[in-house]
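To keep things clear, I will list the structure first and then write my remarks on it.
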Amino acid sequence: MELQSAEYKSPSQPGKRGFEDLDCFKLALDLVVKAHEVAKMLPPEEKYDLAAQIRRSSKSITANIAEGYGRYHYLDSLRFYSIARGEINETIAHLINARVLDYIEQDYFEEVYKIARQAEATLNGFMSYVRKQRSGHKEYGVRTIKEQLAEYSTDDSEEEINCQME
């Protein structure tokens, strides 16, 4: 079966790019198409299990890239890009499951796997670029908010625990 590429052309104007013009988004979109093709190949008993999960995780990749792109501070953007990277790996895990369960052929699996890893590598490159740009750090700073460490005690005696339970 020949792999189909996502057919999408951004209507954005030259010089005014959006998230849909990012290479990592385009590759993720290709992965969405491939994941949906795989979902169609699965047997009926996988309709609400593996098929639904592979579709959901693949679509989450593009959604998180878009949401990260819309954030102003680079640390906030990176958080969503990191989630997108996790979703790529979740999609790969579902593809591996489909292969191990013999739902898809090895050659097809390898082609889709390569697209997924290429999407991941491109997203990693974009994340490095975002880190270097540090957009929004002048307005909001580079400091993060952290909670102080809380101390917990587990030295309760047996009598105290029984009293509290009564």
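Please treat every number below as a calculation from the coordinates, not as lab data. Note that the structure is a prediction, hence the values are computed from the model and not measured.
Miscellaneous remarks
- Computed extension length for Q118-Y72: 13.9 nm, one decimal, from 0.36 nm per residue of separation with the Cα-Cα distance subtracted.
- What the phi angles of region 49-66 give under the Karplus curve with 6.51, -1.76 and 1.60, with θ = phi - 60°, is a coupling list of 10, 5, 4, 5, 5, 5, 5, 5, 5, 5, 5, 5, 4, 5, 5, 6, 5, 4 Hz, glycine and proline written as x.
- Computed lengthening from R79 to S135, 0.36 nm per intervening residue step minus Cα-Cα distance: 18.8 nm
- Placed amide H near H73: partners under 5 Å, 5+ positions off or other chain: none
- Counting 0.36 nm for each residue step from E151 to H36 and taking away their Cα separation leaves a gain of 36.6 nm.
- Counting all C-alpha pairs of region 19-146, share separated by more than 24 Å (%): 33
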